[in-house]
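The values are calculated or read from the model by the stated rules, or taken from the named source; none is laboratory data. Computed from a prediction, not measured in an experiment: that's the story for all the values here. Cβ: placed from backbone, ideal geometry, glycine included. Neighbour counts: every protein chain shown. Surface areas here come from the heavy atoms of the whole protein model, side chains and all, with no ligands, DNA or RNA. Shrake-Rupley method; radii C 1.70, N 1.55, O 1.52, S 1.80 Å.
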Amino acid sequence: WGGEASRAEVMRSEIYRRELMGMRGMPIKFANHCRYHGKAFIFPGFMKESESVASAPLRVGKERMVPCIARRRAGQLRMTVDETGSTVSEDLMEAERQALARIADASSLDELNAVRVEYLGKKGTVTAMLKMLGKLRAEDRPRMGVLVNQVKDKLESSIATRKEELEDEALNQKMLQEKIDVTMPGIINYPFGNLHPLTQTMQKAVDIFTDLGYEVIDDPELSPQIETDYYNFQALNIPPNHPARDMQDTFYLDDDMETLLRTHTSSVQIRYMERHKPPFAIVSPGRVYRRDSVDATHSALFHQIEIMAITKDLTLGGLRATIIHFLREMFEEEVEVRFRGSYFPFTEPSMEFDVFFRGRWLEMGGCGLVDPNVLEMAGLDPNEWQGFAAGFGVERFAMVLYGIPDIREFYKNDLRFLRQFPHPRGFL
């Protein structure tokens, strides 16, 4: 047996444990299924009880066997059993040094985990060494177990410390990569999207009136889209069977026809007057519904904006000046405005207003002084208070301002159409 042999991994197998009288009377153990390893040749087979180490012959096949010094080599660690007992060779210390160096040099969690598996995994170097302790003599196991476990504990502690360091480094690197400088200017002209042209038109109109001191009323309590017959018609001087109802035939929600989808935002004026004392000025934008046949200029759903002001000394001249100012701000030019006599149940006198735009007169909305009956229905004394009101369709203004020939384009949600209307003041 003797002579230098190449490194080879001892095959995992059940150790056939037999105590025989070996060299110089020392007990040794044989591997039932092994290959030659380290400095000893180990062949499959076993020794007969009547044979000593010195007299054991070489045989072929299962009878072929050679006594050996049990040796285990895995990675960089090696345990030997010799005549004087069991010892841990200098390779154990060398392997510990190399493992600690590799742990310290690990630059990633994957690299660190590879070191852990190589030394502490199920088939790792230190794990294999721990399994070999059972092959040692009873008096040698405690001392050698302490040495191997010290190496194991030191490696585990070093790996845990390095893992924490790598995790901190990874977190700091991620924070550097993802940090946001809040002092940097915002992103301009990034394709987040645009406001719908109807929303843009409505906001522009409302802003003009708020600049004049009007209060925006669009909350669900004062401006509900589901309205009662009283607020939608009767309180606005439109009693049952009034001819004006034919022009606003709408969607009723019950058999008694007491609840309906509102046909105009004028009902907001009544609700507001009941709860607030004048003087005041309000603007109420919102969605309304009428049973219209859908075509290029009509829709069963559209948007309205109405204004109303109540004081003790309002006149028709004040209404006229307000409408002219509004139209010139909307069209952003000194458009010519004309007023024509008309009829609305809730105003008296009543007018319609037109603008001369792009070579022709365009009807834009209606207005008038608040009818005394409407003031009385809201609990105000018409002899003390006076007011004016006006209303117009948002779609009508958007079609005129943007040159859109068909109202149905607003409701198709076609991005090719909507992207043509960037907000004039940028992204909101």
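Please pick out the residue among Glu384, Glu409 that is modelled with pLDDT of 90 or more and closer than 30 Å to Pro349 by Cβ.
Criteria check complete, one pass: Glu384.
Against the condition open to solvent by 20 Å² or more (accessible area, probe 1.4 Å), assigned to a loop (DSSP other than H, G, I, E, B) and touching a helix residue (DSSP H, G or I) at 6+ places or on another chain (Cβ under 8 Å), how does Glu334 come out, does it pass?
For Glu334, the condition - open to solvent by 20 Å² or more (accessible area, probe 1.4 Å), assigned to a loop (DSSP other than H, G, I, E, B) and touching a helix residue (DSSP H, G or I) at 6+ places or on another chain (Cβ under 8 Å) - is met.
Please list, ordered by first then second residue, the pairs with beta carbon atoms under 8 Å, 6 or more apart or interchain, first in the stretch 220-242 and of a type in the set (Val, Ile, Thr), second open to solvent by 50 Å² or more (accessible area, probe 1.4 Å).
Ile226/Leu253; Thr228/Glu258
Answer yes if at least one residue in the stretch 392-415 is over 25 Å from Asp246 (Cα atoms), open to solvent by 20 Å² or more (accessible area, probe 1.4 Å) and more than 51 Å from the chain's Cα centre (by Cα), and no otherwise.
No, the stretch 392-415 contains no residue that is over 25 Å from Asp246 (Cα atoms), open to solvent by 20 Å² or more (accessible area, probe 1.4 Å) and more than 51 Å from the chain's Cα centre (by Cα).
Residue by residue through the stretch 360-388, note down the ones that are part of a loop (DSSP other than H, G, I, E, B) and open to solvent by 60 Å² or more (accessible area, probe 1.4 Å).
Scanning the stretch 360-388 gives Gly379, Asp381, Asn383, Glu384.
Within the group Thr210, Thr199, which residue is of a type outside the set (D, E, K, R), without any contact (Cβ under 8 Å) to a residue 40 or more places away in the chain, open to solvent by less than 80 Å² (accessible area, probe 1.4 Å) and not in a loop (DSSP other than H, G, I, E, B)?
Among Thr210, Thr199, only Thr199 is of a type outside the set (D, E, K, R), without any contact (Cβ under 8 Å) to a residue 40 or more places away in the chain, open to solvent by less than 80 Å² (accessible area, probe 1.4 Å) and not in a loop (DSSP other than H, G, I, E, B).
Could you please let me know if Arg320 is assigned to a helix (DSSP H, G or I) and among the charged types (D, E, K, R)?
The answer is yes for Arg320.
Scan the stretch 330-353 and tell me whether some residue there is touching a residue at least 40 places away in the same chain (Cβ under 8 Å) and more than 30 Å from Glu384 (Cα to Cα).
Taking every residue of the stretch 330-353 in turn, at least one turns out to be touching a residue at least 40 places away in the same chain (Cβ under 8 Å) and more than 30 Å from Glu384 (Cα to Cα).
Has the stretch 182-194 got at least one residue that is more than 26 Å from Asp371 (Cα to Cα), out of contact with any Pro (no Cβ under 6 Å at 6 or more places or on another chain), open to solvent by less than 70 Å² (accessible area, probe 1.4 Å) and not in a helix (DSSP H, G or I)?
The first filter runs over the stretch 182-194 and keeps only residues more than 26 Å from Asp371 (Cα to Cα), leaving 182-194.
Going one step further and asking which of them are out of contact with any Pro (no Cβ under 6 Å at 6 or more places or on another chain), we end up with 182-193.
Then drop every residue that is not open to solvent by less than 70 Å² (accessible area, probe 1.4 Å), which leaves 186, 193.
If we keep only those that are not in a helix (DSSP H, G or I) too, we end up with 186, 193.
Yes - at least one qualifying residue is present in the stretch 182-194.
What are the residues in the stretch 235-286 that are closer than 19 Å to Gly365 by Cα, at pLDDT below 90 and either in a strand (DSSP E or B) or basic (Lys, Arg) (or both), if any?
Residue satisfying the conditions is Arg245 alone.
Hey, does the stretch 126-143 have a residue that's modelled with pLDDT of 85 or more, among the aliphatic types (A, V, I, L, M), surrounded by 14 or more Cβ atoms within 10 Å (Cβ to Cβ) and touching a helix residue (DSSP H, G or I) at 6+ places or on another chain (Cβ under 9 Å)?
No, every residue in the stretch 126-143 fails to be modelled with pLDDT of 85 or more, among the aliphatic types (A, V, I, L, M), surrounded by 14 or more Cβ atoms within 10 Å (Cβ to Cβ) and touching a helix residue (DSSP H, G or I) at 6+ places or on another chain (Cβ under 9 Å).
I'd like the full set of residues that are out of contact with any strand residue (DSSP E or B) (no Cβ under 7 Å at 6 or more places or on another chain), open to solvent by less than 60 Å² (accessible area, probe 1.4 Å) and part of a helix (DSSP H, G or I), limited to the stretch 109-125.
Leu112, Ala114, Val115, Tyr119, Leu120
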